[in-house]
Amino acid sequence: MAEPGAAALDKSVPGSYALAAGLLRTARPRQWVKNGLVLAAPFAAARLLSTGEILRLCLVFVLFTACAAAVYLINDARDAEADRAHPVKRARPVASGQVPVPAAYAAGGGLAVLAPAVAAVTCNPNTAALLAGYVVMQLAYCVWLKHLLVIDLVIVTTGFLMRSMAGGLALGIELSRWFLVTSGFGALFMVAAKRYSELVLMSEEAAAEGADLRASRALLGSYTPGYLRFVWQLAAGVAVLAYCLWAMETGAAPHGWLPWRQLSMVPFILSVLRYAVFADSGAAGAPEDLVLRDGALVVIGMAWGALYVLAVVDT
């Protein structure tokens, strides 16, 4: 004979799984690849890492992912009512009711507090401050800053830059000016290209349906294609120039066989030119998918990585 509480337990378990699955979906696992940028600073520093440092970088990746998930959870909880009226966003777990709004707020708030606290204990205060600053900045973006022209581009770009700085801060690596300039303007290039692609797509859909462009996404509609094209072209130029200046300044290693860092300029420039093809055609709306989907970009990236590794080991 079954226990009196067995039936209730059997009903609660699927509900718990559904809630957990909904929270995971709200955390946007497809976006986690962006947090791989925490490896950027240690890689740019051209130093071999110990086992302990590698484990710390893995921890920083997890903590940054937790911070990003916290922002997604709180944002979806805040926008639940509006998302229910959206033809696509109404399928999100919070908007659809799979995840209750209080549960999303609780999970997001818990992660937002826990991640910086763990970083303060396991890494250092600088890493904890960076993670806390990221959460505060992103929440301010969700509530207010995303409605301000140009500021929205700066905030999203800064988020990528903070990711690229996190690994260096966690390991106590000094961040060079060339690294910060290249990373910052490289991120602005991709952010502006993404906005440009979204605007092109939205314009095409609006023209096909006879809809008002500004009625769907007011801020994006306030930009012009020409302005966003100017931004991503300017950012691409500055990023390439900063990288080339860094490579030329470092030159060949004293005992190196070839000037690997200088040679790495070739695939770096090729990657920017290749990405610009998609940006110009309005096909760069999902950078994380584009980078992994385009075979040429993957090969170019591997070539760049190989040359950079050779610059480290051939000394």
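Rule-based calculations on the coordinates, nothing more; no lab input. Computed from a predicted structure; not experimentally measured. Cβ placement follows ideal geometry from the backbone for every residue including glycine, while neighbour counts extend to all protein chains displayed.
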Looks like the chain, by Cα gyration tensor root eigenvalues a ≥ b ≥ c and the a/c under 1.5 rounded cutoff (else prolate when a/b is bigger than b/c, oblate otherwise), is oblate
Toy charge model, Lys and Arg Cβ at +1, Asp and Glu Cβ at -1: the chain dipole around Cα centroid in debye, rounded to 20, equals 160 debye
Checked against the positive end of the charge dipole of the chain (+1 on Cβ of Lys and Arg, -1 on Cβ of Asp and Glu, about the Cα centre), the farthest of T158, A91, Y243 is T158
Ordered by number, the chymotrypsin sites (Phe, Trp or Tyr not before Pro) in segment 147-180 that occupy a DSSP loop and have at most 16 other Cβ atoms within 10 Å are none
Within segment 140-210, DSSP-loop GluC sites (Glu not before Pro) with at most 12 other C-beta atoms within 10 Å are E174
Taking the alpha-carbon centre of each part, the distance from segment 156-205 to segment 227-251 in Å is 13 Å
For the chain, the charge dipole (Cβ of Lys, Arg +1; Cβ of Asp, Glu -1; about the Cα centre) points to a positive end, and the Cα of V121, L49, A66 closest to that extreme belongs to V121
Computed for segment 21-175: size of charge dipole around the Cα centre, +1 on C-beta of each Lys and Arg, -1 on C-beta of each Asp and Glu, debye to nearest 20, value 380 debye
Of the candidates L139, G295, P267, the farthest towards the positive dipole end of the chain (Lys/Arg Cβ +1, Asp/Glu Cβ -1, centred on the Cα centre) is L139
Result row for the chain, helices from DSSP H with C-alpha axial extent 24 Å or more and mean Kyte hydropathy at least 1.6, is 295-313
Count of lysine pairs, the chain, Cα-Cα under 25 Å, sep. 8 or more residues or interchain, comes to 6
Computed, not fitted: 222 nm per-residue ellipticity of the chain from DSSP H runs ≥ 4 (each -39500 (n - 2.57)), nearest 500, equal to -25000 deg cm²/dmol
Under the rule rounded for a/c under 1.5, else prolate if a/b exceeds b/c, else oblate, using alpha carbon gyration tensor axes a ≥ b ≥ c, segment 21-175 is classed as prolate
Percent relative contact order for the chain, counting Cα pairs under 8 Å at least six residues apart, stands at 17 percent
Put in order of increasing Cβ neighbours within 10 Å, starting from the fewest, T65, T182, T127 give T65, T182, T127
